[in-house]
Structure formats: C-alpha cells, structure tokens
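The values are calculated or read from the model by the stated rules, or taken from the named source; none is laboratory data. In this text the structure is predicted, and so the values were computed from the model without any measurement. Glycine also receives a Cβ, built like all others from the backbone with ideal geometry; neighbour counts cover every protein chain displayed.
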Amino acid sequence: MNVQISAAWTKVQDMINTLITLLPNLVLALIVFVIFFFVAGAIRRLVKRLTRDRRHARNLGLILGRLAQWTTILVGLFISLSIVIPTLKAGDLVQLLGISGVAIGFAFRDILQNFLAGILILLTEPFQIDDQIVFKDFEGTVENIQTRATTIRTYDGRRIVIPNSDLFTNSITVNTAFDQRRLEYDIGIGYGDNIDEAKRLILEAMRETEGVLPTPNPDAIVVALAESTVDIRARWWIQPPRRADALDLQDKVLTAIKNKLTANGIDLPFPTQQILFHDQTEATDGDRSRQREGWPAGQNKVSNPGSISHAFRQFAENQSQRNGNSKDQASKTNHNLTQPK
C-alpha cells in the first residue's frame with residue numbers, strides 16, 4: 001500500500017515539475033498569442049480605414065481586413081504552439097490542419113458555402129452597403145455584408161438576415177444601383193374625353209411638380225383600352241432613387257395630375273357594368289332564334305323587348321294572385337270545418 005502511494009506521489013511530483021518547467025513557455029506563448037491577436041485587430045481596422053472613403057473598394061476592404069486578421073491570428077497560434085511544444089514541427093501542423101479541414105468541410109458544408117458566397121459577393125459587388133434591394137418578399141436597405149449572411153433593414157424597421165448563398169444564386173433588384181430612377185402610374189380617363197388633351201394636362205402637371213427631373217423628359221402614353229377607362233401611363237424620373245424620396249414625389253405627382261384633370265373637365269370614371277336581361281317566357285324559352293340578347297335572330301321573329309319595371313310589376317301581380325288564391329283556399333277549408341255534419 002505504501003509502495004503504491006509512493007509511486008503515485010512520484011508521478012504527481014513529476015507532473016508538477018514538468019508544469020513548472022513549461023510555465024515560462026506557457027506564459028511566453030500566451031503573451032505572443034495575445035500580441036498577435038491585437039495586431040490582427042489593428043490590421044483589420046487599418047485596412048478598413050484605408051478603404052472607408054472609397055465606395056467601390058469598401059467591400060473589398062472588409063474582406064481583406066477579415067482575411068488579414070484571421071491569417072495573423074493563425075500565424076500567432078502556430079508560433080505559440082511551437083513555443084510550448086518545441087518538438088512540434090510546422091509540417092505536422094499543416095498535416096493536422098489538412099485532415100481537420102476535410103472533416104470540418106463535410107460537417108459544415110452549408111456554412112462554408114455561405115462563406116464562399118459572401119467572399120464572392122464582396123469581391124464582385126452586385127450590391128453594396130446602404131443600397132436598397134429587393135430579394136423575393138423582402139425589401140430594405142443593406143446594413144452589413146458578412147462572410148456568412150447579409151443583413152437588411154426593412155422600411156418598417158425590421159432586420160432580415162439572408163444567407164449569402166441564397167443572395168448569390170438568386171435574382172436581386174437593386175433600386176439604388178444608379179443615380180436616377182423612373183416611376184410610373186396608370187391613370188384612367190373616360191371614353192368620351194379627349195386623349196390628346198388629357199396627355200397634355202398630365203405632362204403639364206408632372207413638369208410643374210418640384211422634384212421631377214426635366215431630363216429625361218416625362219411622358220404619357222396610352223397603354224390600355226380597359227372596360228370602363230382609357231388607361232394613360234404617366235412616367236417621370238427622380239433623383240435620388242431612394243424609397244422615401246420615391247413615395248414622397250409620387251404623392252405630389254398624383255395629387256397634381258388629379259387636380260389638373262378634374263379642373264379641366266377630364267373624367268376619372270369609376271368601374272361600371274352593363275346588365276342585359278333576356279326577355280324570355282315559356283313561349284320563347286329554349287328558342288334561340290327568338291331571344292333578344294346573346295344569339296342572332298336572323299330573319300326570324302323576335303319577341304318584343306321588356307323592361308325592368310314591367311318585370312317587377314308582373315312579379316308583384318303574380319305574388320298577389322298567389323296570396324289571394326291561398327287566402328281563398330284557407331277560407332274554404334275553414335268554412336267546411338264549421339259546417340254541422
């Protein structure tokens with residue numbers, strides 16, 4: 001028993017002596033790693049500061065800063081491990097990282113896919129920070145482009161996080177890609193109104209609205225002959241093309257167009273429908289040649305047209321007659337019941 005306790009105590013003493021021997025190396029390795037960690041952060045901030053004032057290099061600065069930061073941290077980790085374990089060679093570390101990289105690649109395939117897509121987005125720059133984009137059902141302002149996901153702020157104050165792989169492989173609408181943007185709206189006038197006069201008034205209203213660009217010129221074109229209206233599409237250009245400016249100017253333009261048209265007697269009609277009643281009775285029911293609407297009569301005799309008032313009057317007379325017959329039948333029944341047998 002004493003021999004076992006002595007052997008265990010000897011092992012503990014050896015471990016303590018080994019730890020005391022490695023303690024300076026551990027402290028030195030920790031100091032080296034901390035230095036590399038802060039140097040990596042400084043390098044990232046430096047790269048970001050150099051590209052901050054350059055719009056087209058801003059995203060590239062983000063990715064270069066992150067890559068430089070993680071590369072510096074990795075180098076610091078290698079040096080720290082070599083200080084703690086002097087027998088550890090760089091080739092062994094590279095081999096270990098290669099095997100681990102394959103395993104990590106299979107385990108985190110989606111994460112790596114988003115990471116690579118984020119790098120490609122930052123390099124190709126289909127959109128940039130502060131751009132306003134439309135992606136599927138989401139629309140808002142780009143807040144940040146990370147290596148894993150992109151965050152956008154919606155116009156109603158919500159944050160949407162979209163994986164970079166989805167953004168890179170699907171279509172995106174960038175509303176602020178150019179300095180100018182064209183807006184349009186369809187306006188319906190009555191069929192009895194003068195189209196040329198309506199166009200002139202619409203163009204006049206757009207040119208008088210502050211914020212509508214004179215170049216390119218606003219225009220008004222007929223786009224449809226609808227069921228109740230002649231549709232004229234008003235088109236005008238704005239700058240800048242941001243969402244708030246577009247909504248504000250659209251409000252001003254449509255208000256000016258409506259006031260201008262109504263002040264000059266141009267009708268803005270409501271949707272209307274025409275209902276046709278077939279003048280069919282038991283005599284003409286099923287005889288297509290005698291129907292007044294829906295089928296050609298040819299040379300055959302056509303029944304006389306009816307009217308809604310006549311139909312309602314006939315309906316009321318039929319109902320009154322039915323009620324009268326019901327009352328007569330009821331009185332006869334009561335009379336028969338009261339007669340003595």
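Would you confirm whether or not region 306-329 contains a residue that is surrounded by 10 or more Cβ atoms within 10 Å (Cβ to Cβ), in a loop (DSSP other than H, G, I, E, B) and at pLDDT 75 or above?
No, there is no match, as no residue in region 306-329 is surrounded by 10 or more Cβ atoms within 10 Å (Cβ to Cβ), in a loop (DSSP other than H, G, I, E, B) and at pLDDT 75 or above.
Regarding region 75-86, can at least one residue be identified that is at pLDDT 65 or above and part of a loop (DSSP other than H, G, I, E, B)?
Yes, there is a match, as at least one residue in region 75-86 is at pLDDT 65 or above and part of a loop (DSSP other than H, G, I, E, B).
Which of (1) modelled with pLDDT of 75 or more; (2) in a loop (DSSP other than H, G, I, E, B) does residue 53 not meet, given it meets every other one?
Among (1) modelled with pLDDT of 75 or more; (2) in a loop (DSSP other than H, G, I, E, B), residue 53 violates only (1).
With respect to residue 229, determine if the residue is modelled with pLDDT under 95 and within 28 Å of residue 269 (Cα to Cα).
Details: modelled with pLDDT under 95: yes; within 28 Å of residue 269 (Cα to Cα): yes.
In short, yes.
Can you find even one residue in region 113-135 that is assigned to a loop (DSSP other than H, G, I, E, B), among the hydroxyl-bearing types (Ser, Thr, Tyr) and surrounded by fewer than 19 Cβ atoms within 10 Å (Cβ to Cβ)?
Taking region 113-135 as the starting set, the residues that turn out to be assigned to a loop (DSSP other than H, G, I, E, B) are 125-131.
If we keep only those that are among the hydroxyl-bearing types (Ser, Thr, Tyr) too, we end up with none.
So far as region 113-135 goes, no, none of its residues is assigned to a loop (DSSP other than H, G, I, E, B), among the hydroxyl-bearing types (Ser, Thr, Tyr) and surrounded by fewer than 19 Cβ atoms within 10 Å (Cβ to Cβ).
Only one residue in 203, 167, 247 is at pLDDT 95 or above and either touching a helix residue (DSSP H, G or I) at 6+ places or on another chain (Cβ under 6 Å) or not in a strand (DSSP E or B) (or both), so which one is that? Before you say what the answer is, go through the steps one by one.
Numbers: 167 fails: at pLDDT 95 or above; 247 fails: at pLDDT 95 or above.
Selected residue: 203, the only one of 203, 167, 247 that is at pLDDT 95 or above and either touching a helix residue (DSSP H, G or I) at 6+ places or on another chain (Cβ under 6 Å) or not in a strand (DSSP E or B) (or both).
Is at least one residue of region 142-161 in a helix (DSSP H, G or I), modelled with pLDDT under 95 and in contact with a strand residue (DSSP E or B) (Cβ under 8 Å, 6 or more places away or on another chain)? Walk me through how you get there before you give the answer.
At the first step, the residues of region 142-161 found to be in a helix (DSSP H, G or I) are none.
Checked region 142-161: no residue is in a helix (DSSP H, G or I), modelled with pLDDT under 95 and in contact with a strand residue (DSSP E or B) (Cβ under 8 Å, 6 or more places away or on another chain).
Pick out the one residue from 166, 193 that is surrounded by 13 or more Cβ atoms within 10 Å (Cβ to Cβ), of a type in the set (Asp, Glu) and in the same structural domain as residue 135 (by TED's automatic domain parsing).
Values: 193 fails: in the same structural domain as residue 135 (by TED's automatic domain parsing).
Within the list 166, 193, the selection yields 166.
Exactly one condition in (1) surrounded by 17 or more Cβ atoms within 10 Å (Cβ to Cβ); (2) in a helix (DSSP H, G or I); (3) at pLDDT 70 or above is false for residue 59; which is it?
Every condition holds for residue 59 apart from (3).
If you go through region 206-218, how many residues are among the basic types (Lys, Arg) and either crowded, with 17+ Cβ neighbours inside 10 Å or part of a loop (DSSP other than H, G, I, E, B) (or both)? Spell out how you get there, then give the answer.
Let us first name the residues in region 206-218 that are among the basic types (Lys, Arg), namely 207.
Narrowing further to those that are either crowded, with 17+ Cβ neighbours inside 10 Å or part of a loop (DSSP other than H, G, I, E, B) (or both): none.
Within region 206-218, residues that are among the basic types (Lys, Arg) and either crowded, with 17+ Cβ neighbours inside 10 Å or part of a loop (DSSP other than H, G, I, E, B) (or both) number 0.
Given the conditions (1) more than 27 Å from the chain's Cα centre (by Cα); (2) in a helix (DSSP H, G or I); (3) not acidic (Asp, Glu), and given that residue 224 satisfies all but one, which numbered condition is not satisfied?
Exception for residue 224: condition (2).
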